[in-house]
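Colleague: Pasting a structure here, questions to come.
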Amino acid sequence: QAKPKSAAVSALRALKHPNFKWFLFGAVGQTTAQGMQQLTLGWLVLELTNSASQLGIVIFLQGVPMMIFMMYGGVLADRLSRIKLLVVSQLLTMPILIILGVLAATGNAKVWQVYVASLVIGAIQAVMFPARHAIVRDMVPREDVLNAVVLNSTLQNLTQIIGPSIAGFIIGGLGIAFALYVNAAFYIIGILALLMISGVTSLPQTGKTSVAKEMMDGVKYTWKVPPVFATIAIGCVMGFFIHPVSQLMPAFAKQELNLGAEGAGTLLMFAGIGSLVGNATMAVLGDIKSKWRVMLWASVVYGIAIFAFSFVHWYWLALFLMLFVGGGRMVFVTLGSTLIQLMTSQRYTGRAMSLWSVGVALMFVGALPMGFLGDLISLRFAIAAAAVAYLLLTFCLGFLWPPLRKLGNGELVVEPPDVPIIKSSPSAV
């Protein structure tokens, strides 16, 4: 009789695959760089303009090319080597941050330069995000997908704790220019680790069709599977209405809580701690059955925490609420990403994950109206109104939409290679 595995061993089982271990090591560099980037670019704008609306414009400009090219990035992720796409995207991002650092160090930085940098970074990320999400399934067998996604998200949250904190302390002690240089250097770790991965191939497309047709095929495919479509739709609503809060955190910290860069970094750090706790719990619990139900309630917790955060004046209470912000957000993102990969045929994974990544792009787009409303009235009002709108739409999509109303009593079953279906089962997904 086989000896049962301990909870710790079960929580780390995806690490038995060598390529996935290298992927996680590379994620340390990439996601730390992205965590720093969130604060360094935002603080540079605030140093130049001290305006929440200007910060919103910069964030919006990063989201525009992501919205335009995200589906194209999904097609590339289904056609080309996902590893090469990730390496090239990081190689292209590094010089942008270095140039901004030089401009800041010499006193020549202008806000329009940050506009241009945001547009280019957005286009690069449109290619990077679908490949990064879809490649997990290439490195582990189906039974380890959830564990791999959880471990990837857990490590990402660790680096999201470290990244903004590093950026905040470097800005406070050595200045914004040096922070941008360090930001760029972290991408080197991600690149070197990805180059160590070998033998990973994606499922090639059968035949060559136009990019536009492949994009539409991806949209039609997700529509045929209501749970996939609803998960993506909730992610998009979340991206537009409440994800922008983290992007505007430098402005909220400075204008509403009278904090410096270190304080803004600490707020983002506590969100990362909450995310880490949520993902660590999921890793220990293993392959939970009620994925759909837990995902929905995590999205509700996220929205309520953001709504409460908008009224906070006491710094320590803000830190406490950021734990729930991070926990609710990342449990939703982790389970949503897992469900989409499990319910989608492998030859559509890149395109399905590109639609899922549209929610990330909408985070940058939603920052524009939130930033302008923040300058016009207050960021507190803008955040509270966005949280209410998000909760109402999520309730309609997740709990009231007819195709999904009885999903709590059904089990999602994939029938490769085409369309997953829902079959009755006493256990919930």
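The values are calculated or read from the model by the stated rules, or taken from the named source; none is laboratory data. Computed from a predicted model, the values in this text were never measured in an experiment. Every residue, glycine among them, receives a Cβ derived from its backbone with ideal geometry; neighbour counts consider all protein chains shown. Areas reflect the complete protein model, heavy atoms only, side chains present, ligands, DNA and RNA absent. Shrake-Rupley method; radii C 1.70, N 1.55, O 1.52, S 1.80 Å.
Colleague: With the requirement that a residue be assigned to a helix (DSSP H, G or I) and over 21 Å from the mean Cα position of the chain (by Cα), what does the range 236-266 give you?
Modeller: 253, 254, 255, 261, 262, 263
Colleague: In addition: Here are some conditions: (1) part of a helix (DSSP H, G or I); (2) more than 19 Å from residue 334 (Cα to Cα); (3) at pLDDT below 75; (4) not β-branched (Val, Ile, Thr). Residue 283 meets all but one. Which one does it not meet?
Modeller: (2)
Colleague: Just give me the residues in the range 102-132 being polar (S, T, N, Q) and more than 24 Å from residue 352 (Cβ to Cβ), in sequence order.
Modeller: Within the range 102-132, 106, 108, 113, 118 qualify.
Colleague: Turning to a different aspect of this structure: Go through the range 300-328 and give me each residue that's in contact (Cβ under 8 Å) with a residue 60 or more places away in the chain and open to solvent by 40 Å² or more (accessible area, probe 1.4 Å).
Modeller: Listed by number, the residues that qualify are 304, 307, 311.
Colleague: Report every pair of residues separated by at least 6 positions or lying on different chains whose Cβ atoms are under 6 Å apart, first residue within the range 267-287 and among the hydroxyl-bearing types (Ser, Thr, Tyr), second assigned to a helix (DSSP H, G or I) and modelled with pLDDT under 75.
Modeller: So the pair list comes out as 275/157.
Colleague: Another question, then. Which residues, taken from the range 357-370, are within 19 Å of residue 75 (Cα to Cα) and open to solvent by less than 20 Å² (accessible area, probe 1.4 Å)?
Modeller: Answer for the range 357-370, where residues must be within 19 Å of residue 75 (Cα to Cα) and open to solvent by less than 20 Å² (accessible area, probe 1.4 Å): 357, 359, 361.
Colleague: Looking at (1) at pLDDT below 75; (2) open to solvent by 10 Å² or more (accessible area, probe 1.4 Å); (3) assigned to a helix (DSSP H, G or I), which one does residue 269 not meet, given that it meets all the others?
Modeller: Exception for residue 269: condition (1).
Colleague: Is it the case that the range 49-59 has a residue that's open to solvent by 20 Å² or more (accessible area, probe 1.4 Å), touching a residue at least 12 places away in the same chain (Cβ under 8 Å) and farther than 21 Å from residue 246 by Cβ?
Modeller: Checked against the condition, which is being open to solvent by 20 Å² or more (accessible area, probe 1.4 Å), touching a residue at least 12 places away in the same chain (Cβ under 8 Å) and farther than 21 Å from residue 246 by Cβ, the range 49-59 yields no hits at all.
Colleague: Only one of (1) within 29 Å of residue 392 (Cβ to Cβ); (2) open to solvent by less than 10 Å² (accessible area, probe 1.4 Å); (3) among the hydrophobic types (A, V, I, L, M, F, W, C) is not met by residue 261, so which one is it?
Modeller: (1)
Colleague: With the condition kept exactly as written, say whether any residue in the range 123-141 is assigned to a helix (DSSP H, G or I), closer than 15 Å to residue 40 by Cα and touching a residue at least 40 places away in the same chain (Cβ under 8 Å).
Modeller: no
Colleague: Would you check which residues across the range 97-110 are part of a helix (DSSP H, G or I) and buried (at least 19 other Cβ atoms within 10 Å of the Cβ) and list them?
Modeller: 97, 100, 101, 104
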